[in-house]
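S.K.: Structure in structure tokens, see below.
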Amino acid sequence: MTLSRAPTSVTWRRYLNQENILLLTLLVIILVLSRLSDRFFTSANLLNQTRLFAEVGLMALPMTLVIITGGIDLSVSSAFGWSAVMLGVAWGVWGLPLWAAIGVSLFTGLVGGLFNGWIVARIKVPPLITTLATLAIYRGMAYGISQGKPVSGYPDWFEVFGQGSIGPLPTQFVLLIVLTLVVGLFLARTPWGRFIYAIGSNAEAARFSGIPVQRILLSIYAFSGLMAGLASVVFVSRVTTTRADAGIGLELDVIAAVVLGGTSIYGGKGTIFGTILGLVTIALLRNGLSLAGVKGDATVVVIGAVLIVAVFVNRLLRGEKSDAR
Amino acid sequence: MMAVRSAALRPAARTSWLERLNQEVLLTGFLVILVAILTAVRPDFLSKQSVASMLLDSSHLIVAAVGMTLVIVAGGIDISVGSMLAMCAVVGGILARDGTPPELAMLAIVLTGTVLGFVNGALVIWGGIPSIIVSLGMLSILRGGVVLLTGGSWIQHLPEGFYIGQRAVLGIPVPILTAVIVLTLAALWMRYSPLGRQVYAVGANRDAARLTGINVKGIQLMTFVINGTLVGLAALIFATRFSAIQTNAGVGFELQVITAAVVGGVSILGGAGTVLGAALGGLLLNVIGKGMIFLRVSAYWLLAVQGALILLAVVVDIWRKRRLGEL
């Protein structure tokens, strides 16, 4: 395809990738927002934003891997809610020590993810419908197990994950940075990371090259569930209450961050760096809009539009197939 | 994909019981057994009042499930129908409240659905954006839009003529009548009209459909537009049943509609499924919901049951296809 294009436009197009465009957009957003509100560009505000967005970020990391394989995980927000409820139930109803309840919460997320992975990898049900079904199942578990009753009154030390700091940085921000580096290096610098791209580009070819496609898919979905569990622990620690409706609609922010970061919804392409840029953009958009006095409902409209436009631009930039369904 | 899809090309000896068991028969049997058990436990389950409310509560679900069937059979999906339902109802409600004649307001409810369906379809067809992304985005755009339009408050005290959902023709409530008419027309159209058959062709094998001269994109756009219109119609018979239009109307409706379709045998891989199956799926969903209330199972579990039903139906569908060598 590149052969038919004039050489000049090739060099021009080299710099016109999603990440560079996003960096530019980010700069513009930051400039506009700091004009709109003098509270925006303060370290207090920015650091506080990392508290709010670490949870989305923690789920966006595995979502990047999932989407690179050509899949999707709509159930993360429900796995998140279910894990949060299990933390509350294990501690408040079963009377387990809090550290064990945290374990239960992480385990719940892992089980949810493993189940998704098993259905997708072994039974070969399309990820879209699998995770749409488990979106209902896991949220249903959250409602059913809690019977709609919230749990609160956690001990003070638990606040360290969601409200504490390591040096000047919020705990969950440090957690996100560390995990970003780990997942980013894993994806870009290990054979397993390359396998993930191979699966997304052509699963059949990947299988014939001896890549353990099923095992990798299973692990990625399991990882997605586990991270939803981890994000829910951070969330409960931040808001100090567990409710069955925790995180409803969060999958929109997570998926928007990933595709905004240039990960192709058709699979095979994407980077963790892009996802982080996408995450920052969405975080700033949300923060900026609320500082500018825009109501939460309008923000949801903007994020939804961003999701659609991002996939569209992404496709145009790469000249990808237009035969969508 | 490479395997032969047509049953006619396979030797007759290989026609197994799996092939003869179609989803409609299976579902009807399951429904009858379920109703029998529920009636045995709670005789008032089959009381006239209970049956009437079950049919009434299923009617808008069935109308929307017919539209969803078209979209899924053609190979797409639309998870924005819950927000769409609310948007249609709110637009009509606001018009009626501000003095538009009730008839025009009711027409506006349906046409809003047509327009929104067209927008979804256009974004998929000409934007080249997968329908899951388009409808995930629209799900929140429309829900946010509804809250912005209404300021979060209910729309009440509409003119008497607006509440068509509370009326009855020949003793049959309008919502039920609408569902029956839509279902019958759609079933005949899907089965016997060339356009209806083309929807199956597009979903079963896109490239083959294109090569036979079918306007693949046109057909797909049509499924989204019809789906939107039917969601508008569903909004009409749903919103006019109650005295107030709430901004959270239709939250989670998309899951019910997709459950109805998929449980009704509509293949998520495209190309197979009937509107009758989807309607039976919708009925089943309501029988289960009512049954849980009659058996005093906490309603908090309903969502989990719904999700489990989707998964079960899809897994069985894929298992069956694999046994038949279609996958």
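The values are calculated or read from the model by the stated rules, or taken from the named source; none is laboratory data. What you see is a predicted model, and the numbers here were worked out from it, not measured in a lab. Neighbour counts run over all protein chains shown; Cβ positions are idealised from the backbone, glycine included.
S.K.: Here are some conditions: (1) buried (at least 20 other Cβ atoms within 10 Å of the Cβ); (2) closer than 26 Å to residue B:77 by Cα. Residue A:312 meets all but one. Which one does it not meet?
M.R.: Of the numbered conditions (1) buried (at least 20 other Cβ atoms within 10 Å of the Cβ); (2) closer than 26 Å to residue B:77 by Cα, the odd one out for residue A:312 is (1).
S.K.: Taking the criterion of being in contact with a strand residue (DSSP E or B) (Cβ under 7 Å, 6 or more places away or on another chain), within 18 Å of residue A:58 (Cβ to Cβ) and at pLDDT 95 or above, would at least one residue in segment A:86-100 satisfy it?
M.R.: Within segment A:86-100, one or more residues are in contact with a strand residue (DSSP E or B) (Cβ under 7 Å, 6 or more places away or on another chain), within 18 Å of residue A:58 (Cβ to Cβ) and at pLDDT 95 or above.
S.K.: Sticking with this structure for a sec: Are there any pairs, at least 6 apart or on different chains, whose C-beta atoms fall under 8 Å, with the first in segment B:220-248 and among the basic types (Lys, Arg) and the second crowded, with 22+ Cβ neighbours inside 10 Å, and if so, which?
M.R.: Pairs found: B:241/B:175.
S.K.: Just one of the numbered conditions (1) over 26 Å from residue B:292 (Cα atoms); (2) in contact with a strand residue (DSSP E or B) (Cβ under 9 Å, 6 or more places away or on another chain); (3) buried (at least 24 other Cβ atoms within 10 Å of the Cβ) is not true of residue B:59; which one?
M.R.: (1) is the only condition that residue B:59 fails.
S.K.: Sticking with this structure for a sec: Does any residue of segment A:73-84 turn out to be more than 26 Å from residue B:131 (Cβ to Cβ), within 14 Å of chain B (Cβ to nearest Cβ) and modelled with pLDDT of 95 or more?
M.R.: Yes, there is a match, as at least one residue in segment A:73-84 is more than 26 Å from residue B:131 (Cβ to Cβ), within 14 Å of chain B (Cβ to nearest Cβ) and modelled with pLDDT of 95 or more.
S.K.: Still on this structure, please answer the following. State all residues of segment A:79-106 that are in contact with a Gly (Cβ under 8 Å, 6 or more places away or on another chain) and more than 19 Å from residue A:225 (Cα to Cα); if no residue qualifies, say none.
M.R.: Within segment A:79-106, A:92 is the sole residue that qualifies.
S.K.: Let me ask something else about it. Just one of B:257, B:231, B:174 is of a type in the set (Val, Ile, Thr), touching a strand residue (DSSP E or B) at 6+ places or on another chain (Cβ under 8 Å) and within 24 Å of residue B:57 (Cα to Cα); which is it?
M.R.: It is B:174.
S.K.: Out of the residues in segment A:237-247 that are crowded, with 22+ Cβ neighbours inside 10 Å and either touching a Phe, Trp or Tyr at 6+ places or on another chain (Cβ under 7 Å) or within 12 Å of chain B (Cβ to nearest Cβ) (or both), state the one that is farthest from residue A:165 (Cα to Cα).
M.R.: Per the criteria, the residue is A:244.
S.K.: Would you call residue A:137 within 23 Å of the chain's Cα centre (by Cα) and of a type outside the set (Phe, Trp, Tyr)?
M.R.: Taking the combined requirement at face value, the residue satisfies it.
S.K.: Could you please give the count of residues in segment B:310-322 that are closer than 20 Å to residue B:63 by Cα and more than 8 Å from chain A (Cβ to nearest Cβ)?
M.R.: 0
S.K.: Another question about this same structure. What's the number of the only condition in (1) part of a loop (DSSP other than H, G, I, E, B); (2) touching a residue at least 12 places away in the same chain (Cβ under 8 Å); (3) surrounded by fewer than 19 Cβ atoms within 10 Å (Cβ to Cβ); (4) not aliphatic (A, V, I, L, M) that residue A:215 fails to meet?
M.R.: (1)
S.K.: From the list B:117, B:99, B:92, which one is closer than 28 Å to residue B:314 by Cα and not hydrophobic (A, V, I, L, M, F, W, C)?
M.R.: Matching residue, one of B:117, B:99, B:92: B:117.
S.K.: Another question about this same structure. Say whether the condition of being farther than 16 Å from residue A:229 by Cα, of a type outside the set (Val, Ile, Thr) and surrounded by fewer than 24 Cβ atoms within 10 Å (Cβ to Cβ) is met by at least one residue in segment A:62-73.
M.R.: Yes.
S.K.: Of the residues in segment B:126-173, how many are within 14 Å of chain A (Cβ to nearest Cβ) and surrounded by fewer than 14 Cβ atoms within 10 Å (Cβ to Cβ)?
M.R.: 4
S.K.: Continuing with this model, one more query. From the list A:121, A:101, which one is buried (at least 18 other Cβ atoms within 10 Å of the Cβ), under 17 Å from residue B:319 (Cα atoms), more than 11 Å from chain B (Cβ to nearest Cβ) and of a type in the set (A, V, I, L, M)?
M.R.: A:121
S.K.: Could you run through segment B:76-122 and say how many residues are outside any helix (DSSP H, G or I) and either surrounded by fewer than 24 Cβ atoms within 10 Å (Cβ to Cβ) or among the hydrophobic types (A, V, I, L, M, F, W, C) (or both)?
M.R.: Within segment B:76-122, residues that are outside any helix (DSSP H, G or I) and either surrounded by fewer than 24 Cβ atoms within 10 Å (Cβ to Cβ) or among the hydrophobic types (A, V, I, L, M, F, W, C) (or both) number 6.
S.K.: Can you tell me which of (1) free of Cβ contacts under 8 Å to residues at least 60 places away in the same chain; (2) surrounded by 23 or more Cβ atoms within 10 Å (Cβ to Cβ) is the one residue A:262 doesn't meet?
M.R.: Of (1) free of Cβ contacts under 8 Å to residues at least 60 places away in the same chain; (2) surrounded by 23 or more Cβ atoms within 10 Å (Cβ to Cβ), only one is false for residue A:262: (1).
S.K.: While we're looking at this one, here's another question. Which condition from (1) away from every other protein chain (no Cβ under 12 Å); (2) at pLDDT below 90; (3) closer than 30 Å to residue B:206 by Cα is the one that residue A:209 breaks?
M.R.: The single condition residue A:209 does not satisfy is (2).
S.K.: Among the residues of segment A:132-180, write down those that are at the interface with chain B (Cβ under 10 Å from one of its Cβ atoms) and under 18 Å from residue A:225 (Cβ atoms).
M.R.: Answer for segment A:132-180, where residues must be at the interface with chain B (Cβ under 10 Å from one of its Cβ atoms) and under 18 Å from residue A:225 (Cβ atoms): A:132, A:133, A:134, A:135, A:136, A:137, A:138, A:139, A:140, A:141, A:142, A:145.
S.K.: In addition: Taking segment A:294-319 on its own, how many of its residues are closer than 19 Å to residue A:22 by Cα and among the acidic types (Asp, Glu)?
M.R.: Going through segment A:294-319 one residue at a time, the tally reaches 0.
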